[in-house]
1. Residue by residue through segment 133-168, note down the ones that are under 19 Å from the mean Cα position of the chain (by Cα) and of a type in the set (A, V, I, L, M, F, W, C).
2. Check segment 112-121 and report whether any residue there is under 22 Å from Val47 (Cβ atoms) and either touching a strand residue (DSSP E or B) at 6+ places or on another chain (Cβ under 9 Å) or in the same structural domain as Gly70 (by TED's automatic domain parsing) (or both).
3. Condition (residue is touching a Ser or Thr at 6+ places or on another chain (Cβ under 7 Å), within 30 Å of Lys50 (Cα to Cα) and in a helix (DSSP H, G or I)) applied to segment 235-244: is it met by at least one residue?
4. Given Ile9, Ile38, which one is of a type in the set (A, V, I, L, M, F, W, C) and assigned by TED's automatic domain parsing to the domain that holds Asp135?
5. Of the residues in segment 139-182, how many are in the same structural domain as Gly234 (by TED's automatic domain parsing), farther than 19 Å from Ser108 by Cα and aliphatic (A, V, I, L, M)?
6. Pairs only if they're at least six apart or on different chains, beta carbon under 8 angstrom, first in segment 16-29 and of a type in the set (D, E, K, R), second modelled with pLDDT of 95 or more and in a helix (DSSP H, G or I); list them, first residue then second.
7. When you go through Val154, Val109 one by one, which is the residue that is surrounded by 15 or more Cβ atoms within 10 Å (Cβ to Cβ), within 28 Å of Pro209 (Cβ to Cβ) and modelled with pLDDT of 95 or more?
Amino acid sequence: MRKIKAKEIADVVSRLCAEANYYICDDIKRALEAQREIETHPRARNVIDKLLENAQIAKNEEIAICQDTGMAVVFVEIGQEVYVEGSLEDAINQGVREGYEKGYLRKSVVKDPLDRINTGDNTPAVIHYEIVPGDSLKITVAPKGFGSENMSGVKMLKPSDGEAGILDFVVETVYKGGGNPCPPIVVGVGIGGTMEKAALLAKKALLLPVDHKNPNTFYANMEEALLKKINRLGIGPMGWGGDTTALGVNILTYPTHIAGLPVAVNIGCHVTRHASAVI
């Protein structure tokens, strides 16, 4: 049994909050650069140039890439041989509290969905736990801005809707979002399980590298087909038209009930922020 102090966890979460908001992921940067070279619309190329310039300024000056520094979504993979000295949840929220304060990151969380009174420190975080083998603790902080989150969706399809129904729902969701999620976007798709499982799968799909290919050839082909369909919509960077509406589509699946076909679409903006560390 390995012991990990709550303070150590809080310090790591605090650091990850800043890193995720300051630094664009390498795979996203490469994808933007690659799309800039093949984009045929001059205005769209110019927009991508500005997005890359903005990301470089944020990195150099260690300031937020975007003014919406998101609600902190935290994924925790905790080894079954780990014992946390103190409250794990309190430690994570303390890390978010410190990270958003020290990093000069906007506090965007309200205590009640209807009262709308700001908590003042961007807590509580949304935390997802997973028990895994081993004696380590992996933490991923994924700040989620709501320009993109608000454009996401879940639909309980009928099994008879099949692949065509999934393709239609995903493309329709992106189309309705238009320029609101600050494209070029990353599209996470969750298929199977139950309503909430599909949504979680879609969220986790955004953590995969943007150029990740599903190991199942059928779903890899579906990812490719969706990316082509989405980019044909012509929404373009920041909604101003062009060939580049999405940088990538990632699909995660889970077994489901004989009577159901849950599908969720979680849209990430052009930076789709996340940072990880292993303790």
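The values are calculated or read from the model by the stated rules, or taken from the named source; none is laboratory data. Everything numeric here is computed off the predicted structure, so don't read it as measured data. Neighbour counts run over all protein chains shown; Cβ positions are idealised from the backbone, glycine included.
1. Result: Ile139, Val141, Ala142, Phe146, Met151, Val154.
2. The first filter runs over segment 112-121 and keeps only residues under 22 Å from Val47 (Cβ atoms), leaving none.
No.
3. So far as segment 235-244 goes, yes, one or more of its residues are touching a Ser or Thr at 6+ places or on another chain (Cβ under 7 Å), within 30 Å of Lys50 (Cα to Cα) and in a helix (DSSP H, G or I).
4. Result: Ile9 is the single residue among Ile9, Ile38 that is of a type in the set (A, V, I, L, M, F, W, C) and assigned by TED's automatic domain parsing to the domain that holds Asp135.
5. Residues in segment 139-182 being in the same structural domain as Gly234 (by TED's automatic domain parsing), farther than 19 Å from Ser108 by Cα and aliphatic (A, V, I, L, M): 9 in total.
6. Going by the 8 Å Cβ cut-off, the qualifying pairs are Lys29/Leu52; Lys29/Ala55.
7. The unique qualifying residue is Val154.
Here is a yes/no grid of residues against (1) modelled with pLDDT of 95 or more; (2) over 30 Å from Leu137 (Cα atoms); (3) buried (at least 20 other Cβ atoms within 10 Å of the Cβ); (4) of a type in the set (Val, Ile, Thr):
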site	(1), (2), (3), (4)
Pro209	yes, no, no, no
His212	yes, no, no, no
Ala225	yes, yes, no, no
His257	yes, yes, no, no
Arg273	yes, no, yes, no
